[in-house]
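We did not get these values from a lab; they are worked out from the coordinates using the rules stated. Here the structure is a predicted model, which means the values were calculated and not measured. All Cβ positions, even for glycine, are placed from backbone atoms using ideal geometry, and neighbour counts span all protein chains on display.
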Amino acid sequence: MALIGNCFTISYSDHPTNTVTETITFPDGTTEEITRPEQVEEIETYNDVYLVIIQVENFNDWAVGTSSKDIVCFYRAYESANLRDQNTENYLFEGNLGFAPDFELPLYQQIYSEIKNIRGLETLIDG
């Protein structure tokens, strides 16, 4: 299974000159003003990608009286399935996500559904 279609990715960089001043409140109630560079959103578009899951990691957390099971998955987008098969390191972009799945349902279907909820990847379809 894979996701195919057009999409975009988002990254952020520091503006070279513009800054933003924010007030931070610490747990003890004290505050401090900080100045940081303004974040600039950069969007890169891709046409006809082939996006696949490349790794899934399972995390179990047990605390007194409770437990949780989460997964983190990693994915990559390629120009095509054929190019992916030729060289798995020649990808367009990669990403990851974590969530608590329902282990009663097919895991990979849930992961691909979660990927399609990421901003920029919502237009991908099952391929």
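Asn117 falls short of the stated requirement of being farther than 16 Å from Met1 by Cβ and assigned to a strand (DSSP E or B). The residues listed here are Leu83, Leu124; of these, the one that is in contact with a Gly (Cβ under 6 Å, 6 or more places away or on another chain) and under 14 Å from Ala2 (Cβ atoms) is Leu124.
Quick grid of which residues meet (1) assigned to a strand (DSSP E or B); (2) of a type in the set (Val, Ile, Thr):
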{"site": "Ile43", "(1), (2)": "yes, yes"}
{"site": "Tyr46", "(1), (2)": "yes, no"}
{"site": "Asn58", "(1), (2)": "yes, no"}
{"site": "Asp61", "(1), (2)": "yes, no"}
{"site": "Ile71", "(1), (2)": "yes, yes"}
{"site": "Arg76", "(1), (2)": "yes, no"}
{"site": "Asn82", "(1), (2)": "no, no"}
{"site": "Leu97", "(1), (2)": "yes, no"}
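Screening segment 45-77 for residues that are aromatic (Phe, Trp, Tyr) and under 11 Å from Gly5 (Cα atoms) and picking the one that is surrounded by the most Cβ atoms within 10 Å (Cβ to Cβ) gives Tyr50. Could you run through segment 82-119 and say how many residues are surrounded by 13 or more Cβ atoms within 10 Å (Cβ to Cβ), in contact with an Asp or Glu (Cβ under 9 Å, 6 or more places away or on another chain) and under 20 Å from Tyr46 (Cβ atoms)? Total meeting the criteria: 6.
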